[in-house]
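Following: one structure in structure tokens, then a few remarks.
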Amino acid sequence: RPKASEVLRHPFFWSSKMRLSFLSDVSDKVEFEIRAGNLDLLNALESTAQSVFVGNWEDEIEPAVMAELWRRRRYNGSLVRHLLRAVRNVYSHHMEFPEEVKEILGPVDDGLDAYFAIRFPKLLIESYTVVSQICIRKELLAGVLSK
């Protein structure tokens, strides 16, 4: 039986800031691993796509938000990797967005977390599960849990 302290480390109990930080860290780690030629994390994350979204995840994002994201980068709506990057970019650049988009997204951190959690309720737990299985959990979670 797990200890209470271990249970509290589960993403269910994380703050909005911790959840968004973790997803951002996973996105950064995936990009780093791809550049290094290691596709294990990428392949494992992409294998969760059918659990995370149906069809094209861009269809779940309001057009004004998607337009703002597209100003900075192109996305492929069939890739978990690109959804994670979109979450990361919204979290990192929220303050630069027009007021209309900020109103749609809601406040940092709770609003952004809710925005994505409502649309992609399995993104966090699927990402957490993959990271745990790929054995980089400790590395990625260290930064999140210290915040």
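On the given criteria, is Met66 free of Cβ contacts under 8 Å to residues at least 12 places away in the same chain and in a helix (DSSP H, G or I)?
Numbers: free of Cβ contacts under 8 Å to residues at least 12 places away in the same chain: yes; in a helix (DSSP H, G or I): yes.
So Met66 passes the test.
State which residue is nearest to Ile104 (Cα to Cα) when the search covers only region 118-139 and only residues that are modelled with pLDDT of 90 or more and hydroxyl-bearing (Ser, Thr, Tyr).
My answer is Ser127.
For region 106-115, give me each residue that is assigned to a helix (DSSP H, G or I), farther than 9 Å from His94 by Cβ and either among the charged types (D, E, K, R) or in contact (Cβ under 8 Å) with a residue 40 or more places away in the chain (or both).
Result: Asp110, Asp113, Ala114.
Mind listing just one residue for me: the one in region 1-36 that is assigned to a loop (DSSP other than H, G, I, E, B) and either of a type in the set (A, V, I, L, M, F, W, C) or in contact with a strand residue (DSSP E or B) (Cβ under 6 Å, 6 or more places away or on another chain) (or both) and, of those, farthest from Phe120 (Cα to Cα)?
By that ranking, first place goes to Ala36.
Asp59: within 24 Å of Pro107 (Cα to Cα), surrounded by 15 or more Cβ atoms within 10 Å (Cβ to Cβ) and either modelled with pLDDT under 95 or of a type in the set (Asp, Glu) (or both), yes or no?
No, not satisfied.
The values are calculated or read from the model by the stated rules, or taken from the named source; none is laboratory data. Since the model is a prediction, treat every value here as computed from it, not as a measurement. Positions of Cβ are backbone-derived with ideal geometry, glycine not excepted, and every protein chain shown enters the neighbour counts.
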